[in-house]
1. LYS221: which lysines have alpha carbons under 20 Å from its alpha carbon, excluding same-chain residues fewer than 8 sequence positions away?
2. Each residue of segment 58-72 in turn: what ³J(HN,Hα) in whole Hz from Karplus with 6.51, -1.76, 1.60 and θ = phi - 60°, glycine and Pro shown as x?
3. How large is the convex hull of the Cα atoms of segment 5-137 per residue, expressed in Å³ as a whole number?
4. Evaluate 2.2 N^0.38 Å with N set to the residue count of the chain, then give the Cα radius of gyration divided by it.
5. Do you know the relative contact order of the chain, to the nearest whole percent, from alpha carbon pairs under 8 angstrom that are 6+ apart?
6. Pull up the cross-link candidates among the aspartates and glutamates for LYS57, meaning alpha carbon to alpha carbon under 18 Å and not fewer than 8 places away within one chain.
7. Could you derive backbone 3J(HN,Hα) for segment 164-178 from the dihedral phi with the Karplus parameters 6.51, -1.76 and 1.60 (θ = phi - 60°), listing whole Hz in sequence and x where the residue is Gly or Pro?
8. Regarding segment 68-196, what whole-number volume in Å³ per residue does the convex hull of its Cα atoms give?
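Every number here is computed from the coordinates shown, using simple stated rules; none is lab data. Just so it is clear, the model here is predicted, and its values are computed rather than measured.
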Amino acid sequence: MLNTISLGRHISGQFNHELESIRTHVLAMGGLVEQQLADSLKALHKQNEELAKRVIKDDHKVNAMEVAIDEACTRIIAKRQPTASDLRLVIAIIKTITDLERIGDVAESIAKVASENFTNKQYNLLVSLESLGQHAVRMLHETLDAFARMDVKAAIEVYQEDDRIDREYEAIIRQLMTYMMEDPNSIPNVMKVMWAARSIERVGDRCQNICEYIIYFVQGKDIRHTNPEDIKNML
């Protein structure tokens, strides 16, 4: 657990409280983002305009949480001047909330596509995104769980899941390209579905980033631009 890794070491009980409070807020933000993403995908698949509008309306909550957590981290840096693992933790949190906010933006964007009008025939295009979307939501959930426990092993396992999302995305794009060639009149709506698919694929990339921050905090290693096989060997 995070509190046994870092929080329990401080002489200042107030410092412990501040770090724990920020961690709790990050997890709350993550939970909201996960719900936003799941709801936006549900709105897309069910063509539920009311749910789509709710996702769009609630995006400001995610933005507000990012600002509040960022300000709390800035205060800790100014007041506590953290070093070593404490500084890595604060940096990891700042970077994590940036990626969570961008996943929130993805949810808002998907909800906007869900508000568009698709013919019954074109609705099948939206159904094709269901598996990809569920995979992205599951990856985000597992990423947040790894963050809650600051579990490097879990983070590395989740990190590798992005390859599967990439393959699913590429298969969907090939399918959509074929559809456009067969029915040129469908191009405007197919482009919207392509854009939604790309947005979902980006969720996997954001999750990978957060997994990198977990490893950075726990082990002090920056694994950006590291060969995937080398990362796999860290297990």
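1. LYS95, LYS153, LYS232
2. 7, 4, 5, 5, 5, 4, 5, 5, 4, 4, 5, 5, 4, 5, 5
3. Value for segment 5-137: 95 Å³ per residue.
4. 1.12
5. Over the chain, the number comes to 26 percent.
6. Within the straight-line limit of under 18 Å, LYS57 reaches these aspartates and glutamates: GLU34, ASP39, GLU49, GLU66, GLU101, ASP105, GLU108, GLU116.
7. Calculated HN-Hα couplings, in order: 5, 4, 4, 5, 4, 4, 4, 5, 5, 4, 4, 5, 5, 4, 4 Hz.
8. Dividing the Cα hull volume of segment 68-196 by its residues yields 117 Å³.
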